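Asks: Handing you a structure now.
The values are calculated or read from the model by the stated rules, or taken from the named source; none is laboratory data. All values reported here derive from a predicted model rather than from experimental measurement. We place every Cβ from the backbone using ideal geometry, glycine too, and count neighbours over all the protein chains shown. Accessible surface is based on the protein model in full, side chains and every heavy atom, while ligands, DNA and RNA are left aside. Shrake-Rupley method; radii C 1.70, N 1.55, O 1.52, S 1.80 Å.
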Amino acid sequence: MVKRLLKGGRVVDPAAGHDGELDVLMENGRVTAVGRDLPLSDGAQVIQVPRGFVIVPGLIDMHVHLREPGQEHKETIATGVRAAVAGGFTAVACMRNTSPVNDNAGVTSFILAKAREAGLARVYPIGAVTRGSAGEQLADIAELHAAGCVAITDDGHPVATSLIMRRALEYTRMFDLPVIDHCEDQSLKGDGVAHEGVYAAALGLRGIPGAAEEIMVARDVTLAGMTGGHVHIAHMSARGSLEAVRVGKTRGAHVTCEVAPHHFTLTDESLERPLKYDTNCKMNPPLRDAADVEVMIEGIRDGSVDVIATDHAPHHADEKNVEFDRAPFGIVGLETCVPLVFDRLVHRGVITLTRFVELLSLNPARILRREGGTLAPGAVADITVLAPDACVTIRRASLRSKSKNTPFDGWELRGAAAATIIGGRTVFVNDAVAGAEAFGWDGV
Ligand SMILES: [Zn+2]
Ligand SMILES: [Zn+2]
């Protein structure tokens, strides 16, 4: 497909200052023109955008676990990117906790080669902060950067000590890379499995207090201020964490943060209702109480939260189908994110479509220093087509991800991704959305 013209859709692109009915012309994988009633250029395939659809820069999920190499029974890079495009994402950043750990150029190159072979969503590897993520010695960050890593993290674990975090922040300044931290004081977390609160107490589950996260966020914000490095707080869930981030931002520290959809849609009441001890409600950080959820929503509304990222964490049914204490932490998120954000945030008036694009496309692109996040002429032609009024029902069995561990099975939600376009090619059309077929699937 060399030339394509999307005609008459509502284009929302905050970086370019657009929100209105505009045409988008794509040529050879790039956007070449955006404007009102663009002339039909020679040889362009014209797609009349159905009424009500919205054209936005491709969504980027900056926090996913693709499991390959090492745990291909949960997910592979090929199945992960299939789930990504089905969820409306044109790019994903994948965490270091594969087996072997992505702490060297060999693993990074392997991931990039597999992603190229799969040919769907762009994949941005995130390398380890420390060798083997053991928390002792810095990994070879220069090597990881040269091989294509876009950030470093020990996600799954926190960056173990203040000293290592300091060194990582100092060193990454040379490469302009963010350090992403899974904030958790492990001595406070102990062997906790759920948020420390009334529900965990009633069910006899060991608790993880919000303070376990808040203490580590405060540490990282302080070190970001001290070093000038960029800290990105992963999957923020506790109210004190947001306070610390706000203070850091006011003081000029380079701090950004993300919230996962389950942390603004579910509370720890899910441990008891509708199902008791549902292991699909076991994640780390855990589902917090209603007051924490309220604060996360407020942060998303007022702009102190930069990004919504899913922390997509596939686990095989056999691993989750055990008693709560023994189940692994995490849920899949790529295919449920857009409907949850629409239904719970956009349609309830918490955020506008402009904020939607900032949270899911523009800010992740900026934080990872990647292309995308805008449809300005010259930009890569990665586009997500949204159908804000499409009603969808989440069905565990229909998920493209290899794993089905979601707590949202059966949820009826308004808003979905209708089609996903990467480099000008339509790589996904949502057959649950009427009219989406207008975007003409290009095959894979
Ligand atoms: Zn984590
Ligand atoms: Zn994670």
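Asks: Mind telling me which of the residues Ala151, Ala146, Ala105, Ala121 ends up being buried (at least 22 other Cβ atoms within 10 Å of the Cβ) and away from ligand 2 (no atom under 16 Å from the Cβ)?
Replies: Checking each option against the conditions leaves just Ala121.
A quick yes/no check of all residues on (1) closer than 19 Å to Val357 by Cα; (2) of a type outside the set (Ser, Thr, Tyr):
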{"site": "Gly20", "(1), (2)": "yes, yes"}
{"site": "Leu25", "(1), (2)": "no, yes"}
{"site": "Gly29", "(1), (2)": "no, yes"}
{"site": "Thr32", "(1), (2)": "no, no"}
{"site": "Asp42", "(1), (2)": "no, yes"}
{"site": "Gln48", "(1), (2)": "no, yes"}
{"site": "Ile55", "(1), (2)": "yes, yes"}
{"site": "Gly58", "(1), (2)": "yes, yes"}
{"site": "Glu68", "(1), (2)": "no, yes"}
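Asks: Considering Ala211, Ala218, Ala224, Ala194, which residue is closer than 26 Å to Val64 by Cα, touching a Gly at 6+ places or on another chain (Cβ under 9 Å), surrounded by fewer than 17 Cβ atoms within 10 Å (Cβ to Cβ) and in contact (Cβ under 8 Å) with a residue 12 or more places away in the chain?
Replies: Ala211
Asks: Got a sec? Which of Asp23, Asp19 is open to solvent by 50 Å² or more (accessible area, probe 1.4 Å) and assigned to a strand (DSSP E or B)?
Replies: None of the other options fit; the residue is Asp19.
Asks: Examine region 36-53 for a residue that is in a helix (DSSP H, G or I) and aliphatic (A, V, I, L, M), and state whether such a residue exists.
Replies: No, region 36-53 contains no residue that is in a helix (DSSP H, G or I) and aliphatic (A, V, I, L, M).
Asks: Here is a further query. Kindly provide the set of residues from region 199-208 that are in contact (Cβ under 8 Å) with a residue 12 or more places away in the chain and away from ligand 1 (no atom under 16 Å from the Cβ), ordered by number.
Replies: Across region 199-208, the qualifying residues are Tyr199, Ala200, Ala202, Leu203, Leu205, Arg206, Gly207.
Asks: I'd like to know if region 88-98 contains one or more residues that are under 16 Å from Ile180 (Cβ atoms), of a type in the set (Gly, Ala, Ser), within 16 Å of ligand 2 (Cβ to nearest atom) and buried (at least 24 other Cβ atoms within 10 Å of the Cβ).
Replies: Scanning region 88-98 turns up at least one residue that is under 16 Å from Ile180 (Cβ atoms), of a type in the set (Gly, Ala, Ser), within 16 Å of ligand 2 (Cβ to nearest atom) and buried (at least 24 other Cβ atoms within 10 Å of the Cβ).
Asks: Continuing with the same structure: Do you know which of the residues in region 167-191 that are in contact with a strand residue (DSSP E or B) (Cβ under 9 Å, 6 or more places away or on another chain) and within 16 Å of ligand 2 (Cβ to nearest atom) is most open to solvent (accessible area, probe 1.4 Å)?
Replies: Lys189
Asks: Looking only at region 266-286, decide whether some residue is more than 20 Å from Ala194 (Cα to Cα) and touching a helix residue (DSSP H, G or I) at 6+ places or on another chain (Cβ under 9 Å).
Replies: For region 266-286, residues more than 20 Å from Ala194 (Cα to Cα) and touching a helix residue (DSSP H, G or I) at 6+ places or on another chain (Cβ under 9 Å): absent.
Asks: If I filter region 247-264 for residues that are closer than 30 Å to Glu319 by Cα, part of a helix (DSSP H, G or I) and either without any contact (Cβ under 8 Å) to a residue 24 or more places away in the chain or more than 16 Å from ligand 1 (Cβ to nearest atom) (or both), do I get at least one hit?
Replies: yes
Asks: Can you name every residue in region 269-291 that is within 23 Å of Asp181 (Cα to Cα) and more than 16 Å from ligand 2 (Cβ to nearest atom)?
Replies: Cys281, Arg288, Asp289
Asks: Moving to a separate point now. Find all pairs meeting these conditions: Cβ atoms under 7 angstrom apart; at least six residues apart or on different chains; first residue within region 281-297 and away from ligand 1 (no atom under 16 Å from the Cβ) and open to solvent by 30 Å² or more (accessible area, probe 1.4 Å); second residue of a type outside the set (Val, Ile, Thr) and in a helix (DSSP H, G or I).
Replies: Asp289/Asp268; Ala291/Arg239; Val295/Arg239; Val295/Leu242
Asks: Taking Arg122 and the conditions (1) basic (Lys, Arg); (2) within 19 Å of Leu169 (Cα to Cα); (3) touching a residue at least 40 places away in the same chain (Cβ under 8 Å), which numbered condition does it fall short on, given that it satisfies the others?
Replies: The number of the failed condition is (2).
Asks: Right, another one. Report yes if some residue within region 364-384 is of a type in the set (A, V, I, L, M, F, W, C), open to solvent by 20 Å² or more (accessible area, probe 1.4 Å) and assigned to a loop (DSSP other than H, G, I, E, B); otherwise report no.
Replies: Within region 364-384, one or more residues are of a type in the set (A, V, I, L, M, F, W, C), open to solvent by 20 Å² or more (accessible area, probe 1.4 Å) and assigned to a loop (DSSP other than H, G, I, E, B).
Asks: Now a separate question. Considering only region 73-85, I want to know if a residue exists there that is touching a strand residue (DSSP E or B) at 6+ places or on another chain (Cβ under 6 Å) and at pLDDT 95 or above.
Replies: yes
Asks: Which numbered condition trips up Phe329, out of (1) in contact with a strand residue (DSSP E or B) (Cβ under 6 Å, 6 or more places away or on another chain); (2) in a loop (DSSP other than H, G, I, E, B); (3) under 16 Å from Thr310 (Cα atoms)?
Replies: Of the numbered conditions (1) in contact with a strand residue (DSSP E or B) (Cβ under 6 Å, 6 or more places away or on another chain); (2) in a loop (DSSP other than H, G, I, E, B); (3) under 16 Å from Thr310 (Cα atoms), the odd one out for Phe329 is (1).
Asks: A follow-up question, please. Is it the case that some residue within region 38-59 is closer than 29 Å to Asn284 by Cα, under 15 Å from the mean Cα position of the chain (by Cα) and within 16 Å of ligand 2 (Cβ to nearest atom)?
Replies: Looking for residues that are closer than 29 Å to Asn284 by Cα, under 15 Å from the mean Cα position of the chain (by Cα) and within 16 Å of ligand 2 (Cβ to nearest atom), one finds none in region 38-59, hence no.
Asks: While we're on this one: Give me the pairs, please: first residue somewhere in region 380-406 and on the phi < 0 side of the Ramachandran plot and acidic (Asp, Glu), second residue anywhere and buried (at least 21 other Cβ atoms within 10 Å of the Cβ) and in a loop (DSSP other than H, G, I, E, B), beta-carbon distance under 7 Å, and either six or more positions apart or on two chains.
Replies: Asp382/Gly58; Asp382/Gly372
Asks: What is the one condition in (1) buried (at least 20 other Cβ atoms within 10 Å of the Cβ); (2) part of a loop (DSSP other than H, G, I, E, B) that Arg273 does not satisfy?
Replies: In the conditions (1) buried (at least 20 other Cβ atoms within 10 Å of the Cβ); (2) part of a loop (DSSP other than H, G, I, E, B), Arg273 misses (1) alone.
Asks: With the requirement that a residue be surrounded by 24 or more Cβ atoms within 10 Å (Cβ to Cβ) and within 16 Å of ligand 2 (Cβ to nearest atom), what does region 156-166 give you?
Replies: The answer is Pro158, Val159.
Asks: Name the single residue that is least open to solvent (accessible area, probe 1.4 Å) among those in region 407-425 being at positive phi and part of a loop (DSSP other than H, G, I, E, B).
Replies: My answer is Gly424.
Asks: Within the set of pairs 6+ apart or on separate chains, which have a first residue in region 48-67 that is more than 20 Å from Thr256 (Cβ to Cβ), a second that is of a type in the set (Val, Ile, Thr) and within 16 Å of ligand 1 (Cβ to nearest atom), and C-beta atoms under 7 Å apart?
Replies: Listed pairs, sorted by first residue: Arg67/Thr98.
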